[in-house]
Amino acid sequence: MSTSEKPQKISIAFHGGQVLSARVKPSELASLRGALGSQGWHELTAEDGTVMLDLAHVDYVLIDHEASRVGF
């Protein structure tokens, strides 16, 4: 799998403090980023399944760049 197709870990924070973590393909992340700021529902396909997000309740999306780490 090329680096450009490698799933990325993201965390989506909602009003009220809940956080959803997922691993998504770059194309799914691009689609989510394009939808942010709009109203309605957005379908996000992650490695573990499909998530329906109410965009009006999303506070932020954290994208983990997964820098190399040393340790266990």
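The values are calculated or read from the model by the stated rules, or taken from the named source; none is laboratory data. Treat the numbers as computed from the prediction; the structure is a model and nothing was measured. Virtual Cβ from ideal backbone geometry, glycine too; neighbours counted across all protein chains shown.
When region 18-37 is filtered for residues that are modelled with pLDDT of 95 or more and in a loop (DSSP other than H, G, I, E, B), the ones remaining, listed by number, are GLN18, LYS25, LEU36.
Filtered by the rule that a residue be out of contact with any Asp or Glu (no Cβ under 8 Å at 6 or more places or on another chain) and touching a residue at least 40 places away in the same chain (Cβ under 8 Å), region 1-15 gives a lone residue, ILE12. When region 1-35 is limited to residues that are of a type in the set (Lys, Arg) and surrounded by 14 or more Cβ atoms within 10 Å (Cβ to Cβ), the one that is nearest to HIS65 (Cα to Cα) turns out to be LYS9. Under the condition of being charged (D, E, K, R) and in a loop (DSSP other than H, G, I, E, B), which residue from region 38-55 is surrounded by the most Cβ atoms within 10 Å (Cβ to Cβ)? For region 38-55, the residue satisfying everything is GLU47.
Give me the residue from region 45-63 that is aliphatic (A, V, I, L, M) and either in contact with a helix residue (DSSP H, G or I) (Cβ under 6 Å, 6 or more places away or on another chain) or free of Cβ contacts under 8 Å to residues at least 24 places away in the same chain (or both) and, out of that set, nearest to LYS9 (Cα to Cα). Selected residue: MET52.
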